[in-house]
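Engineer: Pasting a structure here, questions to come.
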Amino acid sequence: MGAGIVSFGNMFADSINATVEVPVAANVSAGQTYTVVFSDGTSIEVPCTMAGVLSIPFNKNADGLTYMIYGPQMNPAMFIGMQPGAGF
């Protein structure tokens, strides 16, 4: 559904909040919940409130973190154990 890299550096170092909501343009639909998987091995569920934009909460000190957005039908867990040529 979408992917990218975060490079905040120290832009939000003085922020009171631990996270920063970042609107990301993606192929998403309002009313759906999407899984966002980060390169540090964590993931979160993010509800979409506006078609075409997903507001992803990132840690305020995120730098060099990559992310991928998966739709409900594209959860990466469903592909574990599947071999190439086995239906996709």
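Here's the yes/no breakdown for (1) part of a loop (DSSP other than H, G, I, E, B); (2) surrounded by 13 or more Cβ atoms within 10 Å (Cβ to Cβ); (3) at pLDDT 85 or above:
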position	(1), (2), (3)
GLU21	no, no, yes
VAL24	no, yes, yes
ALA30	yes, no, yes
GLU45	no, no, yes
LEU54	no, yes, yes
GLN73	no, no, no
MET78	no, no, no
GLY81	yes, no, no
GLY87	yes, no, no
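Engineer: Here's a follow-up. Restricting attention to segment 28-53, which residues are in contact (Cβ under 8 Å) with a residue 40 or more places away in the chain and under 15 Å from THR66 (Cβ atoms)? Outline the logic, then answer.
Structural biologist: Narrowing segment 28-53 to residues in contact (Cβ under 8 Å) with a residue 40 or more places away in the chain: 28, 32, 35.
Hit for segment 28-53 is THR35, nothing else.
Engineer: Say whether the condition of being modelled with pLDDT of 80 or more and either assigned to a strand (DSSP E or B) or out of contact with any strand residue (DSSP E or B) (no Cβ under 8 Å at 6 or more places or on another chain) (or both) is met by at least one residue in segment 5-18.
Structural biologist: Within segment 5-18, none of the residues are modelled with pLDDT of 80 or more and either assigned to a strand (DSSP E or B) or out of contact with any strand residue (DSSP E or B) (no Cβ under 8 Å at 6 or more places or on another chain) (or both).
The values are calculated or read from the model by the stated rules, or taken from the named source; none is laboratory data. Quantities reported herein were computed from a predicted structural model and do not represent experimental measurements. Cβ atoms come from the backbone with ideal geometry, glycine included; neighbour counts cover every protein chain shown.
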